[in-house]
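Please treat every number below as a calculation from the coordinates, not as lab data. Quick caveat, the model's predicted, so the values are computed rather than measured. Note: ideal-geometry Cβ built from the backbone for every residue, glycine included; neighbour counts use all protein chains shown.
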Amino acid sequence: MALSRFDVGFSLRHNQRTVQKLRPARDEGERRQRVAHVCSQSFMDNALDIRFEASDMSLWGWVAQPSFSRSQADLQYFFVNGRIVRDKLVTHAIRQAYQDVLFHGRHPAYVLYLELEPGIVDVNVHPTKHEVRFREGRQVHDFLFRSLHEALAQVRPAAEGNLAASTVATAFSSEPMPAGAERGAGGLQARPSFAKSVPSQGNMPFAVREQLQGYQALVTAGSEPGETVDDHAEVPVLGYAIAQLHGIYILAENARGLVLVDMHAAHERITYERMKAAMEGDGVRSQPLLVPISINVNEAEAKLPAAFDEVFTELGFVVEAIGPETLVVRQVPSLLRDSDVERLVRDVLSDLATHGTTRRVREAINELLGTMACHGSVRANRALSIPEMNALLRDMEHTERSGQCNHGRPTWVQMNLDQLDKLFLRGQ
């Protein structure tokens, strides 16, 4: 209730003792304080402010970064026109948005507010009013997914070392996160000449063939021996590589202190995102089946391929109804020709019947690309040169979702000078 009405003060007493007392929150700062009071300060420290608008819908609130996931779905608040709801369509859309960055078995945390015309949402479908029915369920699902997917894509090294809670994503036109931070008072000292590297947009190319096989090795990039670095130049967010630790971690120095990078996890995300981009550019290639697959379905499911013909075509499927309760699959995506086609088609039909949209095929393709990216990325115990490490750091700064690997694990951590000083009891 306190999260649904920021303009109202709340006081909770138990046994003649005040347990909670919340003043009305009239501005952004006071609203953030109330959310922190209810959901914990840790949530707000790891939350992204979002605000998206499209046609007659608006979505705003706070979503936790993937690294702040929960073992249970106990920190999830979603409001529709001020009314808290627990809706399957909403939960599905949010889960889909986190699918690429959330560790297996973990749950996202969020406080979100969806505002739309009252006439397109029915709040009388459940006795407790916790469930709603949207007149345009597919449009709402798509809006929620795209908005959160766009916001989470910006979780990459930013000017403050991570995405601060003040980040605001604007409806599908978010500006790229800055690639570097201005030099601060506690900035880097003079650096050795090998520390400079250029942004490596083309430093890690990969060949995309029929099955998007392989990812070429890192290409050495950096300054020539003896070249000096401008001490007043802009310091990259992840700084400059200093050394490699046990062939697993990259140690880098930036304006805030020390950066530790899991080089395999970071390179895996970079490889994966580039493979996905290539897939988006080329589209999903299809392959006819030598022996078409017949699937027995109910009458409602048999009508879905015709009703969603464009969806199936976009996904690379050719599915036809050959009877009132029989479908035949004649063509499948090339990358998934060896998968369980019948099960995949049934899952797609289920999603279309329930949500009016599906990402099953995209998820299956992404899972395959993720496996390929894992095997194609730099392995542990491989020695990298300083320029190669710097090239990897620069690519991380320009890659979406580079804060986590494909499995949801963090790819880097920042230790500022205050944290390092505490380790050695400096200033005490």
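Just a few scattered comments:
- In order along segment 69-80, phi translates into HN-Hα couplings of 8, 10, 6, 10, 8, 9, 10, 9, 10, 10, 10, 10 Hz, rounded to whole numbers, per the Karplus curve 6.51 cos²θ - 1.76 cosθ + 1.60 with θ = phi - 60° and x for Gly and Pro.
- Relative to its residue count, segment 73-153 spans a Cα convex hull of 92 Å³ per residue.
- P(r) weight above 22 Å for segment 344-428, C-alpha pairs, percent: 55
- Cβ-based net charge around Glu131, under 13 Å, with every Lys or Arg adding one and every Asp or Glu removing one: +3
- Near the amide H of Leu289, within less than 5 Å, lie the amide hydrogens of Gln331, Val332, all on another chain or at least 5 residues away, with H placed in the peptide plane.
- Per-residue Cβ neighbour counts within 10 Å put Ile248, Ile295, Ile50 in the sequence Ile248, Ile295, Ile50, beginning with the fewest.
- Cut-off under 5 Å, modelled amide H: who pairs with Ile242 long-range: Leu251, Ala252, Glu253
- All aspartates and glutamates inside 19 Å of Lys303 as judged from Cα atoms, apart from same-chain residues fewer than 8 positions distant: Glu314, Glu320, Glu325, Glu342, Asp347, Asp351
- Counting only residues at least eight positions apart within a chain, or on another chain, the lysines with an alpha carbon under 21 Å from that of Lys88 are Lys129.
- Note on segment 68-120: Kirkwood hydrodynamic radius from all Cα pairs is 12.0 Å, rounded to one decimal.
- For segment 24-169, the Kirkwood hydrodynamic radius from C-alpha pairs, put into Stokes-Einstein at 25 °C and a viscosity of 0.890 mPa s, yields a diffusion coefficient of 156 µm² per second.
- Per-residue Karplus couplings for segment 293-307, computed as 6.51 cos²θ - 1.76 cosθ + 1.60 with θ equal to phi - 60°, are listed in order as 9, 9, 10, 7, 9, 8, 4, 5, 5, 5, 8, 5, x, 6, 5 Hz, Gly and Pro entered as x.
- Between Thr326 and Val297, the built amide H atoms are under 5 Å apart, and every one of these is 5 or more places off in sequence or on another chain.
- Cα gyration tensor category, rounded, prolate or oblate, for segment 248-393 with a/c compared to 1.5: prolate
- Alpha carbon centroid spacing (whole Å) that separates segment 272-342 from segment 384-428: 42
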